[in-house]
1. Got at least one residue in the stretch B:299-318 being surrounded by 21 or more Cβ atoms within 10 Å (Cβ to Cβ) and either at pLDDT 85 or above or hydrophobic (A, V, I, L, M, F, W, C) (or both)?
2. Give A:171, A:193 a once-over and let me know the one that is of a type outside the set (Ser, Thr, Tyr), part of a loop (DSSP other than H, G, I, E, B) and either modelled with pLDDT of 95 or more or over 14 Å from residue A:95 (Cα atoms) (or both).
3. Scan the stretch A:129-148 for residues that are buried (at least 20 other Cβ atoms within 10 Å of the Cβ) and within 14 Å of chain B (Cβ to nearest Cβ) and jot them down.
4. For residue B:390, indicate whether it is surrounded by fewer than 23 Cβ atoms within 10 Å (Cβ to Cβ), within 12 Å of chain A (Cβ to nearest Cβ), in contact with a helix residue (DSSP H, G or I) (Cβ under 6 Å, 6 or more places away or on another chain) and at pLDDT 95 or above.
5. Which of the following residues is in contact with a strand residue (DSSP E or B) (Cβ under 6 Å, 6 or more places away or on another chain), among the hydrophobic types (A, V, I, L, M, F, W, C) and in the same structural domain as residue B:464 (by TED's automatic domain parsing): B:424, B:415, B:428?
6. For a quick check of your reading: which helices (runs of 4 or more DSSP H) sit entirely within the stretch A:208-296 and have at least 1 residues that are surrounded by fewer than 16 Cβ atoms within 10 Å (Cβ to Cβ)?
7. Of the residues B:14, B:46, B:55, B:66, only one is of a type in the set (Lys, Arg), assigned to a helix (DSSP H, G or I), more than 19 Å from residue B:219 (Cβ to Cβ) and in contact (Cβ under 8 Å) with a residue 60 or more places away in the chain; which?
8. Would you point out the residue of the stretch B:360-376, among those that are in a strand (DSSP E or B), without any contact (Cβ under 8 Å) to a residue 40 or more places away in the chain and at the interface with chain A (Cβ under 10 Å from one of its Cβ atoms), that is farthest from residue A:114 (Cα to Cα)?
Amino acid sequence: MNDHPPTPVGILGGGPWGLALACAVARNGHPTLLHSRRAERPDRLPAQVAVTADLAALARHARLLLVAVPSDVVREVARSLGDVVDGAHFLVHGIRGLSGEGLTPISEVLREETPCRRVGALGGPALADDLIVGRASVLAVASRYPEVTDAVRGALQGPLMRVSVSHDLVGLEWSSALNGALFVALGYARAIGVPPALLGGFLTRGLHEAARIAVAAGAEEKSLFGVAGVGDLLAAMSQDDRPECQLGAALAGGATLAEAQARSTLRVEAATLVPRVVAFAKEHRVEATIFATIEAVFSGRVTREAVLSGLMQRR
Amino acid sequence: MAEAAPIFHFNDERSFIVEEVVARVSQAARDPLLLLNDAAWCEIRRLEARPGKERAEYERFRELARSIGRISESERRRRVEEVARHYAKDIAGNFDPRVYALSTKVLPTALSLLLSPKDLSLGLRASGKLREHLVTQGPIERIRALSRRGTVIFAPTHLSNLDSVVFGFALDREGLPPATYGAGKNLFTNPFLSYFMQNLGAYRVDRRIRHDLYKEVLKTYSSVLIERGYHSLFFPGGTRSRSGMVEEKLKLGLLGTGVEAFVHSLRRAHPQRVFVVPATINYMLTLEASTLIADYLAEVGRNRYIIEDDESTRVERVVTLVRKLVMTTGSVVIRFGEPMDPFTNRVLDDGRSVDLRGRTVDPATYVTRDGQPVIDEARDAQYTRELGEAICRSYARETVLLASHLVAGAAFGKLRDAFPGEDLFKLLRHRDEVFVPGDEMERRVADLIDRARALEDRGLVVLGPGVRGAPASAVLEAATRAWSGYHTHAVLRPAQGGFVLGDTNLLLYYQNRLAVTGLGFHPGRRRG
């Protein structure tokens, strides 16, 4: 059930996000090919989705390729992908993170490693599980090329999925990445018993801080207050199963970062990201107390009491 | 051979080109009524107050405005063609190979005549020397090879009215084909200059006409020329850089015609390759420095900027400039950047596009859908935006730092240190107040050269011929010598055992060339 004619879509990544996107696209009746390096076919993958281990086959299958691999391998994957795609392909990633010391947006990595120009990113509050089981949800897509956002909308928009469109690619990527860190903080705060009112205040401050940081990186401020920004945070308030929130809760429970990471199903990108974001804010003279606090939590330097009193302080 | 360039046959093709432009503009017009009404509305308002010559033009548009509501759609389209033809004919220049041959010999002279038609003898004497003192750098061999395989669009930085002439001269000297360019119509009012520009293939741009139909004709004209192999010169900054900074943002209108021409040509049997060559034009002294920086400060400062004095007379200054420019080797450096295709891919000698990982890319894949070339305005606007960004990155990397920029940077650093925390406009008020001992000045220059060299090692900027390997004292000497007696108000005035910081506006102007590299103060960014 979809207004858009069936158009082939290729998906890269056999992890939970790759599976989720494959489910959503196949549900809309588009011929879907999933590229996975894992030997076995993912459990819950719909029967009509074909699986391949051949990147060239993926590139031949579709013009629109959705990239859903962990951020630490995206450069390497993109480099191999670059050998089989050409200027006609659209590359759209769904990775919540920024790459390397330079906090390079993932779309920029795709451009550096492939000949493709028409790149984009997915964001927004949808959880992998929403897409897999078919729960009504919302995704955001951003690209500076309207052709790309049109193609993604065509692939994903359906009775169970609303796709919100923006042209501010930098805004979506930074917003998503920074939200990842705020989710951890949210999970932590809830676990140490921060009451709802204070939680609301804290998230609002976090959002404004994220907005200032993202603007310094070239984002449009309003993007932080869209679906991939504030929409994402509002949803997280009641998404207890969000992996980032669970990681935060584990940290609050006294686990070290390594222990907490090990328990998580999805890779949480925020852990490596936050110290770089704090350094970036400092360099650009942007006030970033909340992010500095999150960094302290990750490093295990602070007690729960110190975090709590930090949230109450005014300077 | 440069003589093989299509521009040598321009006159034969002229009427064909005009008709091609008219046909395309008419085809592309989605709503002739709106287009004509906008043109009439703009022109009536503009011409209303002008008596005499332009009266007939005014009446024509009055008549048009009155009738377009009543006439049929096909008649409207015919009127669009009529107006477009009128503009296209006005824009199209002429190219006379004899004038070209003559002018390449006398171009350096024409250069001085351009700004000072009164003083012929001085221009003649200076011309020979300018030949020696203009330095050209960059992958010239490759650009020459590419000019035989496709259309080259030269996209230099823009500082001075001398730019197009100096650049044209450099192209000729390096055995590169001549490039056509749009010149402001006001420059055509001087009969002498007009004769040269007209016959060198320059086309006329009337900046006073602001409506869409005129802009469409202009862009289509450029697009048709590129498609037909005419090498072109754009100043994508739009106007001269007022601040003296290297452009960080470009006007994309004309630049977009590169992409458009490429897509159009894909429909033909022999697609035309399009290569974009960014370049920086670097001057030790800028002719119009004082006026330009005053314009800039008045615009950004508004009520914070207090006007100090007026510009001196023009002729006098041109004379001094030419004398100054020929004194110092490398006082004008033109540096060509890496050629790229319209999609920012690097281009090799054989014309192949390669991506950042060195893979060959077919540029047609960016604009074809199911094997067919497709024009998509939104997509092409974005390609053009990214091309503009790539050109700006090239500008920053290929900026050539000359003595005047570095010494101004060192002096401006002193000014800021002397008044910490003051904003730009307060700072600029401290003219002739700050004394810098000679050894301190030298130390500051040396320090800046060291930092510039570190950036150069990372490929982020280029040290000029008179700066690389020179001791700080020599660089300081070169800059003060160039400035002395050129600008009305001394920039750096020698005093007992040191210097007094004189014209702070000009110090800012010359140091602004460092701004984008991060070596100097950046007036557009928050203070770091």
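The values are calculated or read from the model by the stated rules, or taken from the named source; none is laboratory data. Please read all numbers here as calculations on a predicted model, not as lab measurements. With ideal geometry, Cβ positions are generated from the backbone for all residues, glycine too; neighbour counts draw on all protein chains shown.
1. Yes, the stretch B:299-318 has at least one match.
2. Among A:171, A:193, only A:193 is of a type outside the set (Ser, Thr, Tyr), part of a loop (DSSP other than H, G, I, E, B) and either modelled with pLDDT of 95 or more or over 14 Å from residue A:95 (Cα atoms) (or both).
3. A:142, A:143, A:144, A:145, A:148
4. It is false that residue B:390 is surrounded by fewer than 23 Cβ atoms within 10 Å (Cβ to Cβ), within 12 Å of chain A (Cβ to nearest Cβ), in contact with a helix residue (DSSP H, G or I) (Cβ under 6 Å, 6 or more places away or on another chain) and at pLDDT 95 or above.
5. Working: B:424 fails: in contact with a strand residue (DSSP E or B) (Cβ under 6 Å, 6 or more places away or on another chain); B:428 fails: in contact with a strand residue (DSSP E or B) (Cβ under 6 Å, 6 or more places away or on another chain).
Just a single option satisfies the conditions, and that option is B:415.
6. A:232-236, A:257-263, A:270-283
7. Details: B:14 fails: more than 19 Å from residue B:219 (Cβ to Cβ); B:55 fails: in contact (Cβ under 8 Å) with a residue 60 or more places away in the chain; B:66 fails: in contact (Cβ under 8 Å) with a residue 60 or more places away in the chain.
Exactly one of B:14, B:46, B:55, B:66 is of a type in the set (Lys, Arg), assigned to a helix (DSSP H, G or I), more than 19 Å from residue B:219 (Cβ to Cβ) and in contact (Cβ under 8 Å) with a residue 60 or more places away in the chain, namely B:46.
8. Within the stretch B:360-376, the match that is farthest from residue A:114 (Cα to Cα) is B:369.
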